[in-house]
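Here's the structure we're looking at; comments come further down.
Only the coordinates and a few stated rules stand behind these numbers; no lab work does. Note that the structure is predicted; figures quoted are calculated from it, not measured. Here the Cβ is made from the backbone with ideal geometry for all residues, glycine too, and neighbour counts use every protein chain on show.
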Amino acid sequence: MSHHSQWIAFAQGECLAKGAPSEVASAIKRFNDAEPTASILVFDAVSSGPVEIDLRGTVEEVLARLAPHSVPETRSVGRPKLGVVAKEITLLPRHWEWLASQSGGASVALRKLVEQAMRANSESEQIRKAQEATYLFIQAIAGNEVAYEEATRALFASDLAGFNSHMATWPQAIREHALHLAHGATS
């Protein structure tokens, strides 16, 4: 779990909490203690990946289980202080020949090619990720809502107005979060 992750939690169509994992987990624990039979859905606020939280015990015990497990530090090849990581790649001889002939050598040429490809694909990749995150969210929380299939089709057609209109009868908090996620799916 990254230190910058944000979670969002819903119960009965209402947004319970949004923010840092510890804040959301605390709010969910308090809500669950008051309403033990309520169904609570928790998502990564960006990717819409489902989040499982063990709510047994006290708030402190719940939060202690959220702490990331310590990973032993390993010595890496490359220039770690600069963020450079060495990994093996496999290329055909003609690729190595071409790379060797490039100004700055193979590493510089590969970095330039990767940067160029990242720029070229960033918009379509952003749209794809936003559609995927929105779909994961609405599939988990709104699959039984009126016009769910129509909303899904509008989402993948990058039709934000249609997506919004098909969600008209859905709970407001769900609509708002779905629109927030889908905003990146249109350009």
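The table below lists the values:
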{"read-out": "Packing-based exposure ordering (other Cβ within 10 Å, fewest first) of Thr90, Thr152, Thr169", "value": "Thr90, Thr169, Thr152"}
{"read-out": "Likely footprinting exposure, Met167, Met118, fewest C-beta neighbours within 10 Å first", "value": "Met118, Met167"}
{"read-out": "The stretch 80-185: relative contact order in percent, alpha carbon pairs under 8 Å with at least 6 residues between", "value": "25"}
{"read-out": "Under DSSP loop assignment and at most 14 Cβ neighbours within 10 Å, longest GluC sites (Glu not before Pro)-free interval of the chain", "value": "89-187"}
{"read-out": "Gain in span if fully extended, Ile127 to Glu176, counting 0.36 nm per residue against the direct Cα distance", "value": "15.8 nm"}
{"read-out": "Entry for Cα extents along the principal axes in Å (calculated from the structure that is shown) out of (i) 66, 48, 28; (ii) 52, 35, 25; (iii) 66, 44, 22", "value": "(iii)"}
{"read-out": "Residue order, fewest to most beta carbons within 10 Å, for Leu55, Leu113", "value": "Leu113, Leu55"}
{"read-out": "Span from the the stretch 80-154 Cα centroid across to the the stretch 18-69 one, whole angstrom", "value": "31"}
